[in-house]
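In what follows, a structure is listed as structure tokens, so that the remarks can point back to it.
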């Protein structure tokens, strides 16, 4: 998750914008719940406070839904991208999610897509690609550029493929009007 | 070149370009990413020649730096929090011997209770150790200050601590303009030690000094620190000339020319404070800020000049002197002794508690409305009900148990939450 | 810095390791060109074993490195008596930093020299027993583990003498110190588990570990020379009596250093890469009481009445060393008429015994040559 926000900040930087990414400064262990933030702006970012009113929330691990207040401070016109093979209704979030704009909220099987392209259940790149498909806060080109910078060679190819597939997956669901 | 990267990586790259010859470090969060990166750079000969010493403690890290520096090598280390305390004895030794060691301090709270998050209690605990203490507001400034620090240290033969907020800066990805090796080489000449362990000219370093001379040796330490008050702005000016941007110096004012209220702070919180100042300025509030870039030596004249025309000064600091009050606040009051401004001491951001714009806004409102007593320590966002419940438990029970655990149970949150 | 050359009397006939020898066979101490690294004028006590140990060690190291040597010194007697500001007895580049960090400072010096391509300059770290086995122990172990190119020398006088003779981790059981007085049910220092730093050094499997005493400077010099032939972490533990702290006569310093070995209390050995390569055999095995009774710190074991229980425990410790290190010469079973203490002159408290050193020992053959027959 920390990597995802870092990559998002790099993607925004590659687009010529200012970005600031930072974790919730935990004593990080693989497996511990981690929140990380990314601010993107056209001017220099000075504030250092945590993001309390996000424009978008990307959830890598849906098992956290019941542990942490994931969507606190998110306005009804905010974006939600949630890693799950199930839809919001199946997850019991139907009523909650109905307060948001339908074209701004999606679930996607990011872990499955990651397995398909990377061979490992690491959904970072997939979620970033999906996020680029969900909104215009970041472009797919910038995401794939950031991925290639971070992961040289074949690993960059597979991550790029995963992100691209994810982006298409979300875009299809948007144009098809399917609430994936 | 402008890059988007983690603060620790940026600082490691900058330190590498300063061509350290000996790096001795012991891992402690949140310093680890810096020294890991430097270890890589030594292994791949990106820093060459350089010896990276994997020492067994911070005490050994500083001690090895002392030996290396005395042997004429440019020496560097990094630490935080408990690590700084563990090397405390050696810190005083390095400054007493006048060895130009540069250290990054990734500011972190001091326990107990153990806490890995940011505040300034570590650097403040060593404010009188004889080290120059510079504070970075951003990762750009952290990079720039390291380059300046080596030059400053070696010009004066004094150790320099570059303080950068742990996690908030060290782990933040943001854009940094990294200089070229040529730029750094032009700015930072090779190390010419004032004293050196050299068989060609044997010298005794660290002799015992008795009452007949100790005062004079200590006076010279003080005098050298005061020289730094001249050297720091000069070096910062040189830096601007060579690198095309302003970084460092002693203090920096923000929208303070006509300010009735000036907020004083150190480090990364100034960004958040400036955002709040802009909001208040839009509403016509005459408020500005003063960034303390150099806390030791204390730039008393510059601070007075910057604050003397204000009505009130709000000092926001991430540490305090237990049982006494504010630390930066006391220094500010010293600078303003006999002057008009009323000084408010606010301790904030302890152990990583976020200092939010919202909290700062309401703090300033409280100050404007006269609800905060000046010259007394005020804790920003203190959970008074929690404190009072625990005080109650302490009064009622004979064995109430440890405060920290009681309060955690009371609040019912886990440390890894986003607060 | 003006270097003080040694005087004629400092290498004359009566200087250790000199008597009647050809110049090239003389000890470093007896050579006219020795560097006199710790020169005269320092303020050590009469009969200070540490001053002797440091001079023997550093002169030998200076000779071995052709004068290209740097020393890092821990706080302690050696540091204090050698550098009363603005004077210094050190005729080599020397740094004192703190009590507990000499191994790390020395390692830092070595790292700097390596980075600067000056590996021809060698580094010695030195400390008393407090700075080695107690407060400096973590730094020492770290220096060993990293195999830093440092020779670390411990001058062991078995206590915190600089602060007024308090107990250290190297203080022997039953010894009286300022904070282990002969009062209460267990007079003197308690019987702990001991802290044998030479063996701990051995367990690090560093290139070289040796023990030595100031009674045998030639042995010490050879060990320093061997150490300087090697690179990496090396450790020499030198036993140095302290007349002030032990309540011994200053003229007994050498005798005590001899007796501590001859009793088996202090095994003298050397080791490379974790394997013991040689031990100095006991030439005349004597009971521990011979050693103990010369020191007021053990007086409570003899007066008002003999504390046989404690003495037996101390003897058992020495016996264990003898067995463990195989310290007895093969012919030790026979009546061995060696005189353990005669190098500092004939003891006044004991009748002289005929000298008939161990024929297998290099040192003994030298002794035979130099000392001739018993006086």
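The values are calculated or read from the model by the stated rules, or taken from the named source; none is laboratory data. Note that this is a predicted model, so its numbers are computed, not measured. Cβ coordinates were reconstructed from backbone atoms using ideal geometry, including for glycine residues, and neighbour counts include every protein chain displayed.
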Would you list the strands (runs of 3 or more DSSP E) that sit entirely within segment C:197-281 and hold 3 or more residues that are in contact with a strand residue (DSSP E or B) (Cβ under 8 Å, 6 or more places away or on another chain) and closer than 25 Å to residue C:67 by Cα?
C:208-213, C:234-239
Which of the residues that make up segment C:60-74 are within 9 Å of another protein chain (Cβ to nearest Cβ), in a loop (DSSP other than H, G, I, E, B) and in contact with a strand residue (DSSP E or B) (Cβ under 8 Å, 6 or more places away or on another chain)?
C:65, C:68
Just for segment C:75-88: of the residues that are buried (at least 24 other Cβ atoms within 10 Å of the Cβ) and not in a helix (DSSP H, G or I), which one is farthest from the other protein chains (Cβ to nearest Cβ)?
C:76
Only one of these conditions is not met by residue B:48: (1) free of Cβ contacts under 8 Å to residues at least 24 places away in the same chain; (2) buried (at least 23 other Cβ atoms within 10 Å of the Cβ). Which number is it?
(2)
Requiring at least 1 residues that are more than 13 Å from the chain's Cα centre (by Cα), the strands (runs of 3 or more DSSP E) wholly within segment A:55-145 are none
Taking segment C:103-121 and the residues there that are touching a residue at least 40 places away in the same chain (Cβ under 8 Å) and more than 7 Å from chain B (Cβ to nearest Cβ), the one that is surrounded by the fewest Cβ atoms within 10 Å (Cβ to Cβ) would be C:120
Can you confirm whether segment A:76-86 contains a residue that is within 14 Å of another protein chain (Cβ to nearest Cβ), buried (at least 17 other Cβ atoms within 10 Å of the Cβ), touching a strand residue (DSSP E or B) at 6+ places or on another chain (Cβ under 8 Å) and within 30 Å of residue B:352 (Cβ to Cβ)?
no
Scan (1) closer than 25 Å to residue B:88 by Cα; (2) at the interface with another protein chain (Cβ under 9 Å from one of its Cβ atoms); (3) without any contact (Cβ under 8 Å) to a residue 12 or more places away in the chain; (4) not in a helix (DSSP H, G or I) for the single condition residue C:100 breaks and write down its number.
(3)
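Can you spot a residue in segment B:283-296 that is in contact (Cβ under 8 Å) with a residue 12 or more places away in the chain and part of a helix (DSSP H, G or I)? Let's see the steps before the verdict.
Looking only at segment B:283-296, we keep the residues that are in contact (Cβ under 8 Å) with a residue 12 or more places away in the chain, and these are B:285-296.
Those still in the list that are part of a helix (DSSP H, G or I) too: none.
Scanning segment B:283-296 turns up no residue that is in contact (Cβ under 8 Å) with a residue 12 or more places away in the chain and part of a helix (DSSP H, G or I).
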Out of all the residues in segment C:288-306, is one or more free of Cβ contacts under 8 Å to residues at least 12 places away in the same chain, under 29 Å from residue C:276 (Cβ atoms) and surrounded by fewer than 16 Cβ atoms within 10 Å (Cβ to Cβ)?
no
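If I ask for residues that are part of a loop (DSSP other than H, G, I, E, B), on the phi < 0 side of the Ramachandran plot and away from chain C (no Cβ under 14 Å), which ones from segment B:195-245 would you list? Working first, answer last.
Just the residues of segment B:195-245 that are part of a loop (DSSP other than H, G, I, E, B), to begin with: B:195-197, B:199-200, B:202-203, B:206-207, B:209-213, B:244-245.
Filter once more, so that each one left must be on the phi < 0 side of the Ramachandran plot: B:195-197, B:199-200, B:202-203, B:207, B:209-213, B:245.
Residue satisfying the conditions is B:245 alone.
Listed here are the residues, each with its yes/no results for (1) surrounded by fewer than 16 Cβ atoms within 10 Å (Cβ to Cβ); (2) farther than 30 Å from residue B:9 by Cβ; (3) within 14 Å of chain B (Cβ to nearest Cβ).
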| position | (1), (2), (3) |
| --- | --- |
| A:16 | yes, no, yes |
| A:53 | yes, no, yes |
| A:98 | yes, yes, no |
| A:110 | no, no, no |
Those residues of segment A:25-48 that are within 9 Å of chain B (Cβ to nearest Cβ), at pLDDT 95 or above and more than 19 Å from the chain's Cα centre (by Cα) come to a total of 5
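Residue by residue, here is whether (1) in contact with a strand residue (DSSP E or B) (Cβ under 9 Å, 6 or more places away or on another chain); (2) within 14 Å of chain A (Cβ to nearest Cβ); (3) buried (at least 22 other Cβ atoms within 10 Å of the Cβ); (4) at pLDDT below 95 holds:
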| position | (1), (2), (3), (4) |
| --- | --- |
| B:271 | no, yes, no, no |
| B:277 | yes, yes, yes, no |
| B:312 | yes, no, no, no |
| B:326 | yes, no, yes, no |
| B:333 | yes, no, no, no |
| B:345 | yes, no, yes, no |
| B:356 | no, yes, no, no |
| B:363 | yes, yes, yes, no |
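For segment B:1-76, which fully contained strands (runs of 3 or more DSSP E) count at least 1 residues that are more than 14 Å from chain C (Cβ to nearest Cβ) and under 20 Å from the mean Cα position of the chain (by Cα)?
Values: elements: B:2-6, B:22-25, B:51-54.
Correct list: B:2-6.
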Check segment B:89-101 and report whether any residue there is buried (at least 24 other Cβ atoms within 10 Å of the Cβ) and free of Cβ contacts under 8 Å to residues at least 60 places away in the same chain.
yes
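Out of segment C:136-163, which residues are part of a loop (DSSP other than H, G, I, E, B) and facing chain B (nearest Cβ under 10 Å)? Walk me through it before giving the result.
Filtering segment C:136-163 for residues part of a loop (DSSP other than H, G, I, E, B) gives C:136, C:147-150, C:157-159, C:161-163.
Within segment C:136-163, C:136, C:148, C:150 qualify.
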Expected single match for out of contact with any strand residue (DSSP E or B) (no Cβ under 8 Å at 6 or more places or on another chain), touching a residue at least 12 places away in the same chain (Cβ under 8 Å), away from chain C (no Cβ under 14 Å) and buried (at least 16 other Cβ atoms within 10 Å of the Cβ) among B:173, B:191, B:187, B:167 is B:187
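Does residue B:147 satisfy the condition of being closer than 20 Å to residue B:349 by Cβ and out of contact with any strand residue (DSSP E or B) (no Cβ under 9 Å at 6 or more places or on another chain)?
On the way: closer than 20 Å to residue B:349 by Cβ: no; out of contact with any strand residue (DSSP E or B) (no Cβ under 9 Å at 6 or more places or on another chain): yes.
It is false that residue B:147 is closer than 20 Å to residue B:349 by Cβ and out of contact with any strand residue (DSSP E or B) (no Cβ under 9 Å at 6 or more places or on another chain).
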